[in-house]
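These notes concern the structure reproduced below.
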Amino acid sequence: MVSLAGGLPAAELYPIAEIQAAAQRALAKHGTAALEYGPVEGLPALRALIAQRISTETGGLFSSANVMLTTGAMQGLDLIGKVLLDEGDTIVAQSPTYLGALDAWRPRMPVYKKLDWTAPDTDALRTCKFAYAVPNYSNPTGVLVGQVCRSALLNDVLESGTWLVEDDPYRSLQFEGDPGPTILERYVAEHPGPYNGPIIYLGTVSKTLVPGLRVGWIVAESNIIQALALAKMSTDLSSSMFTQAVAFELLEAGFDKVHAQTIAPVYRERRDALCHEAALRLSPWFEWEIPVGGMFVWMRAKGNAINTDELYQFALDENVAFVPSSVFDFSGEDCFGMRLNFTRNSPALLREGIERLERAIRKYVSR
Ligand code: PMP
């Protein structure tokens, strides 16, 4: 099976030696404290480091009170749902949307309204509980949202008095150009002083280092952090102090930034391999834009001629997997697209996967 379905980094690039050394340093420094339960908000030194980094990156004033560490950004999404959502509340979100977010909030049975970046629906924003966006190389589309759209959304969020969840795991995986300021940074530029804004920003080491550390963070105004900490208490008492201590060693040395620069060119090469092979083999049936960062290519069936829910079984029969668009669509109706991951497999395997996909499509269309 060639899986183009997952959202996983290239395992052969995992920095095992650096993580091993960081683990040794962490144990030497913290001793048994690294192996205990810890404060629910996270390892104090790592909270302070994230606060300092965000302050430097955005030019704002963030303190530890604005930061909570989580078991991956995924837990941040879950806790936001627990704290902010009541049954039937409205969320304004990009469509398609990250499946993990849809899953996290499903128990509250929210109503979704589509976030239209070119003309945000101000009425929807006024009545929603929060807006959710992944502006940098989104999952599943790989799209980089432009600065004009970010600014329009920020203005509307501020006017409507709602929250904005800015989920940002892919920012460092840039292949061409720079994504520019986050929405958080745009807010901070206009609102100097201690952070007290409506943006709840999520970060993680999963895409730049390894997902297995399960270290993520929420940056938000301090009241929200306190509410999220209360919710986290009953979820897991605290995230792993050990992996937070390991992450601290790596982040303090700036290793995540160095490593992102190592992996981005490899991912770019893989993106090119997949897109080039797809151009040769899949373009009669699908169209796509080449992403300038992240992990995914989002393909749309030309003329909605291929139902990707149906194609999926044909693909499995050819030993290749993708994710059909319907799972990312809150209405469940979009079944004419697919997400292909290009980071996990070598260029040769990606080419093989596309070849298999072509065979699956040919069988599907002549069924
Ligand atoms: N948000 C988005 C948009 C993601 O793509 C992912 C990972 N698939 C996450 C959050 C969760 O990341 P983590 O591994 O930090 O839980």
Qualifying residue in the stretch 221-242 (condition: assigned to a strand (DSSP E or B), crowded, with 23+ Cβ neighbours inside 10 Å and at pLDDT 95 or above): no
Residues of the stretch 96-125 classified as modelled with pLDDT of 95 or more and of a type in the set (Gly, Ala, Ser), total: 3
Long-range neighbours under 7 Å by Cβ, at least six apart or interchain, first residue in the same structural domain as residue 153 (by TED's automatic domain parsing) within the stretch 112-127, second of a type in the set (Phe, Trp, Tyr) and surrounded by fewer than 19 Cβ atoms within 10 Å (Cβ to Cβ): none
Selection count, the stretch 262-272, where residues are of a type in the set (A, V, I, L, M, F, W, C), in contact with a helix residue (DSSP H, G or I) (Cβ under 8 Å, 6 or more places away or on another chain) and surrounded by fewer than 20 Cβ atoms within 10 Å (Cβ to Cβ): 1
Hits in the stretch 246-261 - residues which are surrounded by fewer than 17 Cβ atoms within 10 Å (Cβ to Cβ) and out of contact with any helix residue (DSSP H, G or I) (no Cβ under 7 Å at 6 or more places or on another chain): 253, 254, 257, 258, 261
Sole residue being within 15 Å of the chain's Cα centre (by Cα), crowded, with 17+ Cβ neighbours inside 10 Å and not in a loop (DSSP other than H, G, I, E, B), chosen from 202, 184: 202
Selection count, the stretch 22-78, where residues are in a loop (DSSP other than H, G, I, E, B), within 16 Å of the ligand (Cβ to nearest atom) and either small (Gly, Ala, Ser) or outside the structural domain of residue 218 (by TED's automatic domain parsing) (or both): 1
Cross-chain or 6+ apart pairs with Cβ under 8 Å, the stretch 182-208 first and among the acidic types (Asp, Glu), then surrounded by fewer than 21 Cβ atoms within 10 Å (Cβ to Cβ) and part of a helix (DSSP H, G or I): 185/57; 185/58
The stretch 151-171 residues that are at positive phi, paired with ones that are more than 15 Å from the ligand (Cβ to nearest atom) and of a type outside the set (Gly, Ala, Ser) (beta carbon under 8 Å, 6 or more apart): 161/126; 161/198
Given (1) within 11 Å of the ligand (Cβ to nearest atom); (2) in a loop (DSSP other than H, G, I, E, B), number of the condition residue 117 does not satisfy: (1)
Candidate set from the stretch 79-111 (those that are polar (S, T, N, Q) and either assigned to a helix (DSSP H, G or I) or in contact (Cβ under 8 Å) with a residue 40 or more places away in the chain (or both)); member that is farthest from the ligand (Cβ to nearest atom): 95
Subset of the stretch 173-219 (residues that are of a type outside the set (A, V, I, L, M) and within 13 Å of the ligand (Cβ to nearest atom)): 201, 203, 204, 206, 207, 208, 211, 212, 214, 216, 217
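The values are calculated or read from the model by the stated rules, or taken from the named source; none is laboratory data. This is a predicted model, so every value here is computed, not measured. In this analysis, Cβ positions are derived from the backbone assuming ideal geometry, glycine residues included, and neighbour counts consider all displayed protein chains.
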